[in-house]
Every structure is written in C-alpha cells, then in structure tokens.
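Worksheet for the structure shown next.
The values are calculated or read from the model by the stated rules, or taken from the named source; none is laboratory data. Here the structure is a predicted model, which means the values were calculated and not measured. Cβ: placed from backbone, ideal geometry, glycine included. Neighbour counts: every protein chain shown.
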Amino acid sequence: MNDTKRRKDMKRRRVKGARLLEQGERPAEVARRTGVSRQSVMRWQRALAAGGIKQLAQLGRRGRPRRLSEAQLKELAQCLKQGALAAGYATEIWTVPRIGALIAERFGVRMANGSVWRVLREQMGWSVQRPTGQARQRDERAIAMWKKQRWPELKK
C-alpha cells in the first residue's frame, strides 16, 4: 500500500471513529471497530474535543519524519534500475548493504540495514528478487551445438 493510500485510509478511520465517539461509543469499542489501538482513539477523542472533526481529520502521522524525500526516493529508484555495475560494483546484484552505501553516498543519509529494507519495501513498494541460476548472456543455440557435437567427442 503506498503512502498516499495509507494516509487516506487512516483519515477515513479517524472520521469513522469520530462519528462513533459522537454517538457515545466507548473508546475500546471504537478501537475494535476501526482496527486501531485504544491510545489512538483517546488521541482522536482529545482532538475532537479541542477542534472538532476538522482538526481530527488533519491529524498527521506520528513518529519520526522520513529521512528520504519523495524526490530522493525517485532518484534512488533510477539508480537501482541502472544496475549495480553502473554504481561501481563488480556484480549486478543489489544487496541491502550495497543500497545502504548508495544512499549514504548519494544523499548523505546513513541507515541501518533494517531501515534500508523498510524504505525499499514500504515506501518504494519493492520486494526481494532472487537471481536466476542462469547467466543473462546464455546462448541456448551454442549450448545445444556443444551438447550435440563436442560432448559426444569428450565422452569417448
């Protein structure tokens, strides 16, 4: 789920929760129905009392702000799509530590491997891709010819 969709979904939950609170539902019941913690519902209740449903709808995400902007994430995606060879690595395989080093070099942001993985998975929507056991340069016709002509000679 991308970030914009997640924000809209949370806003819908907050508004639904506000309506339930206005109808007199207990915070624990509102939390159960909206799928959030009771502490979140209590925070919603305080915002509702302070400024009404408009203030509640404007509540932002909690926690530490993101370390990479949307523009930086797009630039990172372009760098990753160019390949690890283009970034100066000996093989074409991207690993989380390599991506972390690229982020540190390119954007000046050092991240733990778990944070790099979270950025790739949650913010960029990427997933693990295992390399196939075959080389990209594999020439099926040459292999077939070798099996047909050279292998029987070697087998003798």
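I'd like to know if region 7-19 contains one or more residues that are at negative phi, in a loop (DSSP other than H, G, I, E, B) and surrounded by 12 or more Cβ atoms within 10 Å (Cβ to Cβ).
No.
Could you check, for region 67-76, whether at least one of its residues is more than 21 Å from residue 6 (Cα to Cα) and not assigned by TED's automatic domain parsing to the domain that holds residue 10?
Within region 67-76, one or more residues are more than 21 Å from residue 6 (Cα to Cα) and not assigned by TED's automatic domain parsing to the domain that holds residue 10.
Test each condition in (1) touching a residue at least 24 places away in the same chain (Cβ under 8 Å); (2) surrounded by fewer than 14 Cβ atoms within 10 Å (Cβ to Cβ); (3) within 28 Å of residue 130 (Cα to Cα) for residue 22 and report the one that comes out false.
Against the list (1) touching a residue at least 24 places away in the same chain (Cβ under 8 Å); (2) surrounded by fewer than 14 Cβ atoms within 10 Å (Cβ to Cβ); (3) within 28 Å of residue 130 (Cα to Cα), residue 22 comes up short only on (3).
For residues in region 30-52 being among the hydrophobic types (A, V, I, L, M, F, W, C) and buried (at least 16 other Cβ atoms within 10 Å of the Cβ), which is nearest to residue 119 (Cα to Cα)?
36
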